[in-house]
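For reference, the structure I am asking about is given below.
The values are calculated or read from the model by the stated rules, or taken from the named source; none is laboratory data. Everything numeric here is computed off the predicted structure, so don't read it as measured data. Virtual Cβ from ideal backbone geometry, glycine too; neighbours counted across all protein chains shown.
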Amino acid sequence: MFQIKMKSVKILNTYKLRIPSISIALLLLFSIQSVIGIKSIQAHNFDTDDNSTFLTLINQILIETRLINNSLSSDDLDRANAIESVKNIIDIYDDIIISEDSYVVDSDKFYNNTIMATVIANLADEVLRNYGAAFNVPSNIMLSMDFSKIVNYTNIDSKGQNLSHSANHPVGAMTELKFDSEADYYNAKEISDRIVEIYDSDLKGHEIGTVSNNITPSALEKSLYELQREVTNVASPMKIMEIVHAKVHPNLQLAFNLTLKR
């Protein structure tokens, strides 16, 4: 267990996290040479704790570093996206140093299924925030379950279809005109990819009441892959809302007995 306080970082035992390239994320987090604390990252409707909050933060930093690497190594992504990801990391850093909270994180509990499921729920909320921002839809609307509000926004018709883009149109053929913020779209896409990685490596086959079967996917698995697919295919924001609110979150709750905030 290690404790993160405002004035110091005390490591009580070895911290190991099975996340690709996590050393980069840890370096970014622990190289801070000033006051440190972690600001709560709220999970959508679900109870969270210090461990799930910490892991969500780590994954957000990891995702931003991947986006930076992608932007610098690919001709398909604008270099400006790398700058945007750097800004996002700085924002996370700012949230850390201005926080008045102290969090106690027990690395032995990091791979508790409930904690990992809560991390996925947190990241699904981040998909909603970033995907909404890509189409200039406020996060409070994306995070709500009031689908009637979203039809008032540009390029969304009464059936939730994106009028400026086909849901089957490949990402590689997109232009900047397809959404308001390219950086936010690619952030949402990278998060959806990361969600599937976490599920496959840590949660697949461990759902409550699931009989081990590598052939038939669970309802949760189907919903996570659907989210990844529809983000990749640039579905309407309403479609992404529907998947997260009506499929991903309910299936997470049922599969891992997540408790709702009261």
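Please indicate, with yes or no, whether at least one residue in segment 203-212 is within 14 Å of D125 (Cα to Cα) and either buried (at least 21 other Cβ atoms within 10 Å of the Cβ) or modelled with pLDDT of 95 or more (or both). Steps first, answer last, please.
From segment 203-212, those within 14 Å of D125 (Cα to Cα) are none; that's our starting set.
No, segment 203-212 contains no residue that is within 14 Å of D125 (Cα to Cα) and either buried (at least 21 other Cβ atoms within 10 Å of the Cβ) or modelled with pLDDT of 95 or more (or both).
Could you look through segment 123-152, keep only residues that are assigned to a helix (DSSP H, G or I) and acidic (D, E), and pick out the one that is farthest from F46 (Cα to Cα)?
Checking each candidate, the answer is E126.
Something else about it: Kindly indicate the residue of segment 229-262 that is of a type in the set (K, R) and within 16 Å of V196 (Cα to Cα) and also surrounded by the most Cβ atoms within 10 Å (Cβ to Cβ) among those meeting that condition. Reasoning before the result, please.
First, the residues of segment 229-262 that are of a type in the set (K, R): 229, 239, 247, 261-262.
Within this subset, residues satisfying the condition of being within 16 Å of V196 (Cα to Cα) are 229, 247.
On the way: R229: 14, K247: 18.
Only one residue fits best here, namely K247.
Among residues belonging to segment 85-131 that are under 16 Å from the mean Cα position of the chain (by Cα) and charged (D, E, K, R), point out the one that is modelled with the lowest pLDDT.
D91
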